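Notes for the one structure printed next.
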Amino acid sequence: PHSFRGGKYHWIWKPYSLYQDIDLIYGVEAYARGDGFTAAQSFLNIVESIVNFIYVYKAHISKDPIAPLIGFTAATCSFSKTVLYWAQEYFCNYCAVGHNGLSTLFWLWVIPNGLVLIDSAPGVSFIR
């Protein structure tokens with residue numbers, strides 16, 4: 001709640017406050033009703049970040065031959081989470097993003113999530 005608009009730490013996340021309006025799963029209402037999706041997603045983001053750091057260490061510092069598998073695992077995590085976001089919206093009849101106009105939805109939800117989906121697709125990553 002402190003990262004929401006009006007929260008004491010909102011200044012850190014201010015560029016992301018638009019998400020509160022575009023995707024309601026990140027908004028005050030979802031938090032107030034106890035929706036656990038965002039908290040679960042945050043937990044998986046931490047796990048994914050740890051796996052990414054392990055990959056960077058194994059690939060660039062210790063030169064461990066297992067590094068590509070760890071990188072593949074991290075990419076699979078990102079890809080799977082993004083597929084889950086889209087599936088969540090589809091199966092709840094666009095309950096968190098359906099209030100947006102088509103242009104807003106396309107430019108501020110579909111395009112950003114689509115780029116993450118494409119870039120994190122295992123074996124297709126463009127960011128190295």
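Computed from the coordinates by the stated procedures, all read-outs in this text should not be read as laboratory data. As the structure is a prediction and not an experimental result, all values here were calculated from the model. Cβ atoms come from the backbone with ideal geometry, glycine included; neighbour counts cover every protein chain shown.
Numbers for the structure displayed
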| item | result |
| --- | --- |
| Those trypsin sites (Lys or Arg not before Pro) in segment 1-74 that DSSP places in a loop and that have at most 15 other beta carbons within 10 Å | Arg5, Lys8, Arg33, Lys63 |
| 12 Å beta-carbon shell around Asn113, net charge (K/R +1, D/E -1) | -2 |
| In sequence order, calculated HN-Hα J values of segment 49-62 (Karplus, 6.51, -1.76, 1.60; Hz; x Gly/Pro) | 5, 4, 4, 4, 5, 4, 4, 4, 4, 5, 7, 10, 10, 8 |
| Under 20 Å from Lys63, Cα to Cα: aspartates and glutamates that are on another chain or at least 8 residues apart | none |
| Estimated FRET transfer efficiency when R0 is 30 angstrom, pair Ile61-Tyr16 (beta carbons, to 0.05) | 0.45 |
| Fluctuation leader among Ser80, Ser49, Ser62 - the chain, Gaussian network, Cα springs under 10 angstrom | Ser62 |
| Free-standing Cys residues across the chain, given no other cysteine C-beta under 4.7 angstrom | Cys77 |
| Residue among Gly34, Gly98, Gly71 with the largest mean-square fluctuation in a Gaussian network model of the chain, springs linking Cα atoms under 10 Å | Gly34 |
| Percent of Cα-Cα distances greater than 22 Å, calculated over the chain | 46 |
| Cα gyration tensor, segment 74-116 - rounded (a/c under 1.5), prolate or oblate | oblate |
| Cross-link reach list, lysines versus Lys58, counting only Cα pairs under 28 Å and skipping chain neighbours closer than eight places | Lys81 |
